[in-house]
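The values are calculated or read from the model by the stated rules, or taken from the named source; none is laboratory data. Only a predicted model underlies this, so the values are computations on that prediction, with no experimental measurement involved. Counting neighbours? That spans all protein chains shown, and the Cβs are built from the backbone with ideal geometry, glycine included. For the accessible areas, the whole protein counts, side chains as well, though only heavy atoms, and no ligand, DNA or RNA atoms are used. Shrake-Rupley method; radii C 1.70, N 1.55, O 1.52, S 1.80 Å.
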Amino acid sequence: MNTLLKGKTILIMGVANKWSIAWGIAEACLDAGANLIFTYQGERNLSNLQKLTADLPNISLYKCDVTEDQDIIDLFHNIGNDYGTIHGIVHSIAFAKKEELEGAYYNTSREGYHLAQDISAYSLVAVSRHARPLMKDGGSILTLTYIGAERAVQNYNVMGVAKSALESSVRYLAADLGPENIRVNSISAGPIKTLAAQGVKGFGSILKVYEEKVPLRRAVTQREVGDTAVFLLSHMSRGITGENIHVDAGFHAMGLL
Ligand code: NAD
């Protein structure tokens, strides 16, 4: 337990189940004393979230499918009415069609390209725009990315390109929102076994490389990402914006493995 986020209200977007990185972040935020608000994409995620949060006091759950402008508008309208002010947002959302996450990148369809960009990158822009009026005391916006944004990673394909757009959006949003003391950063997480990750062909063999070759000789956990998220959401990181922090057991520092 610590008090890094005591008195702060944090919106967590992207818990699908207990393996989600967003859930690891939520647990770390709770241990740091935060008040949490969650969004869910659809009914299946709602029942998982209800089970996960059943014992937590004062938790609110709101539906938000980020492909729907009206969902995003309603979300921040309702949070404004119910809470007035928020201090942080965790955007832990991405999607690409399974068939786009294998083989050659040049086979990416126009529709698949647009869908991956819309859900995985544009959504951060729309969320930041509508959240801004509620961050009256300043704030911290955080998103999740992967090394496939910086390098060509086999099978990551269209998602790597969407993550590049996401990382660039972090820099542009940081420039826009900095004068209002709203910071925008990303965490580049190492591979973690989640629902989304299992859509990438050959995901199991990436994990094996981690165990054998990266500096820490292991994969990272949701909770390790969560602890870095608490840092980025807290006063401790008040001088940091437009940054991408790798929580990947050192993989990004290595050459070809
Ligand atoms: P996950 O499947 O648990 O979470 C992905 C979330 O995205 C789900 O909650 C899903 O409901 C949500 N989502 C998808 N489409 C949506 C939409 N239209 N509207 C609202 N929500 C939508 O998987 P995860 O691995 O925890 O992914 C979270 C984030 O972490 C993603 O951005 C992912 O790219 C990133 N990431 C994951 C890894 C990894 O290895 N697992 C590594 C680096 C970065």
Hits in region 231-243 (condition: open to solvent by 40 Å² or more (accessible area, probe 1.4 Å) and among the small types (G, A, S)): G239
Go through (1) more than 26 Å from Y113 (Cβ to Cβ); (2) of a type in the set (S, T, Y); (3) at pLDDT 95 or above and name the single condition Y210 misses. (3)
Considering only region 10-19, how many residues are more than 10 Å from the chain's Cα centre (by Cα), in contact (Cβ under 8 Å) with a residue 60 or more places away in the chain and open to solvent by 10 Å² or more (accessible area, probe 1.4 Å)? 3
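Residues are listed down the side, and each one gets a yes or a no for (1) within 16 Å of the ligand (Cβ to nearest atom); (2) touching a Ser or Thr at 6+ places or on another chain (Cβ under 6 Å):
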position: G103; (1), (2): no, no
position: S109; (1), (2): no, no
position: S123; (1), (2): yes, no
position: L142; (1), (2): yes, no
position: A149; (1), (2): yes, yes
position: V153; (1), (2): yes, no
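Matching residues to (1) within 16 Å of the ligand (Cβ to nearest atom); (2) open to solvent by less than 10 Å² (accessible area, probe 1.4 Å); (3) touching a Gly at 6+ places or on another chain (Cβ under 6 Å):
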site: A22; (1), (2), (3): yes, yes, yes
site: T39; (1), (2), (3): yes, yes, no
site: R44; (1), (2), (3): yes, no, no
site: K51; (1), (2), (3): yes, no, no
site: L56; (1), (2), (3): no, no, no
site: Y62; (1), (2), (3): yes, no, no
site: I79; (1), (2), (3): yes, yes, no
site: I86; (1), (2), (3): no, yes, no
site: I93; (1), (2), (3): yes, no, yes
For region 1-44, the count of residues that are at pLDDT below 95 and either in contact with a Leu (Cβ under 8 Å, 6 or more places away or on another chain) or not basic (K, R) (or both) equals 3
Within region 187-200, identify whether any single residue is over 15 Å from the mean Cα position of the chain (by Cα), surrounded by fewer than 21 Cβ atoms within 10 Å (Cβ to Cβ), without any contact (Cβ under 8 Å) to a residue 40 or more places away in the chain and within 9 Å of the ligand (Cβ to nearest atom), and answer yes or no. yes
Is it true that some residue in region 244-252 is outside any helix (DSSP H, G or I), within 11 Å of the ligand (Cβ to nearest atom) and open to solvent by less than 30 Å² (accessible area, probe 1.4 Å)? yes
How many residues are open to solvent by less than 70 Å² (accessible area, probe 1.4 Å) and away from the ligand (no atom under 14 Å from the Cβ) when one looks only at region 202-230? 2
Scanning region 44-89 residue by residue, those closer than 25 Å to S188 by Cα and not in a helix (DSSP H, G or I) turn out to be C64, D65, V66, T67, I86, H87, G88, I89
What are the residue pairs meeting all of these: first residue in region 56-70, first residue in contact (Cβ under 8 Å) with a residue 12 or more places away in the chain and charged (D, E, K, R), second residue part of a loop (DSSP other than H, G, I, E, B) and within 12 Å of the ligand (Cβ to nearest atom), Cβ atoms under 7 Å, and 6 or more apart or on different chains? D65/Q41; D65/G42
Is it fair to say K97 is of a type outside the set (A, V, I, L, M), surrounded by fewer than 21 Cβ atoms within 10 Å (Cβ to Cβ) and touching a residue at least 12 places away in the same chain (Cβ under 8 Å)? yes
Those residues that are open to solvent by less than 40 Å² (accessible area, probe 1.4 Å), in contact with a helix residue (DSSP H, G or I) (Cβ under 8 Å, 6 or more places away or on another chain) and within 13 Å of the ligand (Cβ to nearest atom), I need them from region 66-77; list them, please. V66, I72, L75
Please specify each residue of region 1-38 satisfying the condition of being among the aromatic types (F, W, Y) and not in a helix (DSSP H, G or I). W19, F38
